[in-house]
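The values are calculated or read from the model by the stated rules, or taken from the named source; none is laboratory data. Since this is a predicted model, take the numbers as computed values, not measurements. Methodologically, a virtual Cβ is constructed for each residue, glycine included, from the backbone with ideal geometry; neighbour enumeration extends over all protein chains shown. Only protein heavy atoms, including side chains, enter the accessible area calculation; ligands, DNA and RNA are left aside. Shrake-Rupley method; radii C 1.70, N 1.55, O 1.52, S 1.80 Å.
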Amino acid sequence: RPKAVPVRRGRLARLKRLSKWAVWLILILPPMGYGGYRLAVFGFTSPRFALTSADDVVLTGNQFVSREEAMNALGLPSAGKLQYGMNIFKISMEEKQKQLESIPWVLKATLTRAYPNRLAVHLEERTPVAFVNVGGRVKLVDGEGVLLEKPERASFNFPVLTGLDAASGRPERTTRLGLYGTFMHEVARDVATAGWMISEVDLADGDDLKAMLARGRETLQLHFGHESFGE
């Protein structure tokens with residue numbers, strides 16, 4: 001077939017292309033920029049987007065963290081009207097998230113703007129795994145080694161852990177808590193079926209987990225090592 005001959009665009013075609021860009025820059029872009037500016041000013045200044053009451057904050061996911069504690073972390077009153085409205089666009093979501101996650105019981109906080117004037121807060125709380133004795137006070141501890149105050153209206157059925165203070169740092173403490181978690185997963189059901197109760201678990205030796213078992217007036221201290229706990 002005959003080979004196609006390339007045709008170069010002339011000066012007129014280039015002028016048309018440049019004129020289209022000029023129309024875009026002069027007639028379309030400035031109005032769009034001005035409209036965006038006015039929209040931003042409206043969003044930041046209109047009372048329509050302001051939190052005016054504590055009821056404008058919707059809190060979910062909290063079981064042990066009280067609403068008052070969460071609202072204090074946000075810097076807001078737990079009830080009633082806000083003296084000065086807080087614009088939802090001016091709220092630093094990252095800063096408020098960090099403030100909520102500074103509460104020991106909070107593992108993760110998620111904040112969402114719910115228009116026009118609502119702030120949705122969802123909390124994911126930590127899961128305790130055992131009791132620990134800290135300076136004569138009984139506290140809870142989660143799988144990461146974070147100490148938690150025991151809620152007043154909550155009951156837990158956990159063994160008391162000892163020996164965590166022998167760990168050199170948080171990574172080692174987390175490793176030993178992982179050992180405890182594996183131990184409970186493998187033996188707790190069988191122990192309960194046999195009529196025994198695991199009352200204490202000693203994690204001072206990372207290679208030899210020791211547990212105190214009780215049944216009636218009888219107690220046994222067993223050395224489980226660091227693996228094959230079910231056997």
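Run a plain Debye calculation on the range 185-231 (Cα atoms as equal point scatterers, no solvent) and give log10 I(q)/I(0) at q = 0.24 Å⁻¹, rounded to two decimals, same order as the q list.
-0.89
For residue 98, give me every one of the lysines with a C-alpha distance below 18 angstrom, ignoring sequence neighbours fewer than eight places off in its own chain.
Of all the lysines, those that pass the test against residue 98 - Cα under 18 Å, at least 8 places apart if same chain - are 90, 108.
Measuring from label point to label point, each 7 Å out along Cα→Cβ, what is the residue 189 to residue 228 span in nm?
So the label points at residue 189 and residue 228 sit 2.2 nm apart.
In Å, what Rg and Dmax follow from the Cα atoms of the range 62-145?
Expressed in Å, the Cα Rg and Dmax of the range 62-145 come to 15.4, 50.
How high is the FRET efficiency from residue 115 to residue 157, r the C-beta distance, R0 45 Å, rounded to 0.05? Spell out each step's value before the answer.
Numbers: r = 44 Å, r/R0 = 0.99.
Taking R0 as 45 Å, the efficiency between residue 115 and residue 157 is 0.50.
Considering only protein heavy atoms, what is the solvent-accessible area of residue 113 at a probe of 1.4 Å, reported in Å² to the nearest 10?
The accessible area of residue 113 comes to roughly 70 Å².
Could you name the lysines in cross-link range of residue 139, using Cα to Cα under 16 Å and dropping any fewer than eight places away on the same chain?
Once the sequence-local lysines are set aside, what remains near residue 139 is 150.
Can you pull the semi-axes for the range 147-191, root of five times each eigenvalue of the Cα gyration tensor, sorted largest first, whole Å?
Details: eigenvalues 83, 67, 13 Å².
Each semi-axis is √(5λ); the values are 20, 18, 8 Å.
Report the full-extension gain for the segment residue 58 to residue 92: residue separation times 0.36 nm, less the Cα-Cα distance, to one decimal in nm. Display every interim value, and only then the final one.
Numbers: separation 34, 0.36 × 34 = 12.24 nm, distance 1.70 nm.
Between residue 58 and residue 92, full extension yields 10.5 nm more.
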